[in-house]
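Encoded as structure tokens, the structure appears first; notes follow it.
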Amino acid sequence: MDASGSTAGSAKVWWKWYPPSVPHEVEVPSQLLHEVIHSAVERWGDRTALIYYGARWSYRRLWEESGRFAAALARDGVQVGDRVALYLPNCPAYPIALLGILRLGAVVVQVSPLYLGQDLTRILKDATPKALVTLEILYPNVANVRTEYAVPVLYVARLRELYPFLKRPLVNLVLKRRGLPTAFPRDDPTVRPWTWTVHYRGTAPEFHADPATTVAVLQYTGGTTGVPKAAMLTHRNLHANLLQMNAWNTRREPGHEVVMAAIPFFHIYALTVALFAGLADGSTIVIQTRPDVPELLQLIDKYAPTQFPGVPALYTAFINTEGIERHKIRSIKFCVSGSAPLPVEVAKRFEALTGGNLIEGYGLSETSPVTHVNPTEGERRAGSIGIPVPNTDQRIVDPETGTRVLGPGEVGELEIRGPQVMLGYYRNPTETAMFLRDGWFRTGDIARIDADGFAYIVDRKKDTINVGGMKLYPREVEEVLFQHPGVAEAAVIGVPDPERGEAVKAYVVLKPGAHPTEAQLIAFVRERIAHYKAPRSVEFRTSLPRSGVQKVPRRVLREEAAGATPAPPATPTSPSS
């Protein structure tokens, strides 16, 4: 038996933990993504596909408008293989444009709407898109980088156009109150109006190709090096992952689910788990522009979602909301938490409140993204990311050499193999060769796999803290801090220490009404794990910095602790409306 828990051609040890209805392998038909969605359109044409603050799109309308957008792209010179950037917050224009781009045979470039200036320029220069889709509130950001990279064609929607007719005046009032632009940029000859585009009566040629070699999405990621690069995700990569996730969700009823899409589509986790998997299954996708919890609860009360994919920060804010029990949250039956480690106490509290499953999963941009999930039925192991989803293999290797495969319980770098693993990094063969070897993807995450195949992420390699020669990982300490009844959020980093090389520092946000002291929290940790892992200092904050996908970027905290002045995080320029 090898360290992945299997021998060539034999059963994987983790299969015995699969729920009875989950297959060990799923068949991935040779279909392009838009062909997968078209099958749903044929089956559920009149069912509501999208809801956006009361506005609704049926599956048939979604298909028709995406086809018109594909035709408009073709009219404006976009060809098979060209890149088209989506620079949008969550809104109906996102799935409509996404589907239209794929139907034409072009490649979707995912761009965070939080990006400005150099961040935006870097991606545009690398991807060289032929066209870009955005909103009027984000258009100035694109115009500001025109001298660095001028996108040939811009499709600009006014946010108010996506709302129900009676709500449109209110949308503009909110935007103006926030100092955001509401006028359409009519003096720019490269701009095409979104409303006119989705009513264009032309036709686009039908696109057919090999899903395994045809890139569907360029997903930018810092990966293991911190330098943004684009993972090339093929149609088959993404199709495989949505099938893997839908097979894992044993509580789902095709054609009857309602998915609460509060997390951003520009992140691969939401794109696959909230959007592609939902649309392929005939689900109704309730779109929220940004994950504001009070508004989220209003949407839950109104639309009774059955699935609620999210991230730990969102679930933490959700369960800590005063009066949460008064809302209709018990419609929620299935949630997968991704993007960052899920504290055990958060999962327990969420499940107690909703009665639904909240299971921790794991994945990366390079794996489309999901590779591991805890079982929906039977045993779930605290602190584990779970076991590999169907068609997926895992192993632990020596992080120094990357060549020696380690055994059960040993700590090293996690590697993944499966149909969801990317084709490679766009225009970057050196990085591709470094992180893809013989079909195995090096995740850059330090992990261990127990004898039953459950994997545990210890931390990122670059986040390791070395205290006097003894290495520890921030998550070990954060998990203990989350157990304290007064702690709402916690993040841990290593800071320079003249005696030990590094010392542990904790940043803590307290729950309302809680007042533990620094000494009390340090003592709390020392009582539960090795003393050298306990914080030497605790800094209390009213909030922690968040990235666009709601992760706590430890790099920012390290720069602050070192006295550096990190670049301020970009702020979203979209209203919650």
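The values are calculated or read from the model by the stated rules, or taken from the named source; none is laboratory data. This one's a predicted model, so the numbers in the text were calculated from it and none came from an experiment. Every residue, glycine as well, gets a Cβ built from its backbone with ideal geometry; the counts of neighbours run over all protein chains shown.
Quick notes
- Test for I324: is it touching a residue at least 12 places away in the same chain (Cβ under 8 Å), among the hydrophobic types (A, V, I, L, M, F, W, C) and either touching a strand residue (DSSP E or B) at 6+ places or on another chain (Cβ under 8 Å) or closer than 24 Å to V28 by Cβ (or both): no
- Exclusive hit being more than 25 Å from P164 (Cα to Cα) and not aromatic (F, W, Y), set G54, G77, G67, G100: G77
- Of all the criteria given as (1) under 30 Å from I300 (Cα atoms); (2) acidic (D, E); (3) part of a loop (DSSP other than H, G, I, E, B), the one not satisfied by E42 is (3).
- Across segment 254-271, not a single residue is classified as of a type in the set (A, V, I, L, M, F, W, C), out of contact with any Pro (no Cβ under 9 Å at 6 or more places or on another chain) and modelled with pLDDT of 90 or more.
A quick yes/no check of all residues on (1) within 26 Å of F441 (Cβ to Cβ); (2) touching a Phe, Trp or Tyr at 6+ places or on another chain (Cβ under 9 Å); (3) at pLDDT 95 or above:
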{"residue": "G5", "(1), (2), (3)": "yes, yes, no"}
{"residue": "W15", "(1), (2), (3)": "yes, no, yes"}
{"residue": "L32", "(1), (2), (3)": "yes, yes, yes"}
{"residue": "A40", "(1), (2), (3)": "no, yes, yes"}
{"residue": "W44", "(1), (2), (3)": "no, yes, yes"}
{"residue": "R56", "(1), (2), (3)": "no, no, yes"}
{"residue": "Y87", "(1), (2), (3)": "no, yes, yes"}
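- Of the residues making up segment 284-293, those that are closer than 29 Å to A230 by Cα and either touching a strand residue (DSSP E or B) at 6+ places or on another chain (Cβ under 9 Å) or in a helix (DSSP H, G or I) (or both) are I285, V286, I287, Q288, T289, P291.
- Applying the criterion of being in contact (Cβ under 8 Å) with a residue 40 or more places away in the chain and hydroxyl-bearing (S, T, Y) to the residues of segment 491-536, the residue that is farthest from V556 (Cα to Cα) is Y532.
- Those strands (runs of 3 or more DSSP E) of segment 487-543 in which at least 2 residues are surrounded by 14 or more Cβ atoms within 10 Å (Cβ to Cβ) and in contact with a Lys or Arg (Cβ under 6 Å, 6 or more places away or on another chain), considering only elements entirely within it, cover 487-497, 501-510.
- Of the residues contained in segment 415-434, one or more are found to be hydrophobic (A, V, I, L, M, F, W, C) and over 18 Å from V370 (Cβ atoms).
- Residue within segment 360-374 that is farther than 28 Å from V492 by Cβ, in a strand (DSSP E or B) and either out of contact with any helix residue (DSSP H, G or I) (no Cβ under 8 Å at 6 or more places or on another chain) or of a type in the set (K, R) (or both) present: no
- Scanning segment 327-372 for residues that are under 14 Å from the mean Cα position of the chain (by Cα), touching a residue at least 60 places away in the same chain (Cβ under 8 Å) and more than 17 Å from Y18 (Cα to Cα) yields G338, S339, A340, P341, G363, L364, S365, E366, T367, S368, P369.
- Taken across segment 268-283, residues that are over 21 Å from G361 (Cβ atoms) and assigned to a helix (DSSP H, G or I) do not occur at all.
- Only listed residue being part of a strand (DSSP E or B), under 23 Å from the mean Cα position of the chain (by Cα) and touching a residue at least 40 places away in the same chain (Cβ under 8 Å), chosen from Q219, Q244: Q219
- Candidate set from segment 393-426 (those that are at pLDDT 95 or above and polar (S, T, N, Q)); member that is surrounded by the most Cβ atoms within 10 Å (Cβ to Cβ): Q420
- All positions within segment 108-142 that are among the hydrophobic types (A, V, I, L, M, F, W, C) and farther than 13 Å from Y220 by Cβ: L116, A131, L132, V133, L135, I137, L138, V142
- Identity of the residue in segment 294-317, at pLDDT below 95, in contact with a helix residue (DSSP H, G or I) (Cβ under 9 Å, 6 or more places away or on another chain) and part of a helix (DSSP H, G or I), that ends up surrounded by the fewest Cβ atoms within 10 Å (Cβ to Cβ): A317
Residues are listed down the side, and each one gets a yes or a no for (1) under 21 Å from Y115 (Cα atoms); (2) among the small types (G, A, S):
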residue: T213; (1), (2): no, no
residue: L238; (1), (2): no, no
residue: H256; (1), (2): no, no
residue: A270; (1), (2): yes, yes
residue: F276; (1), (2): no, no
residue: G282; (1), (2): no, yes
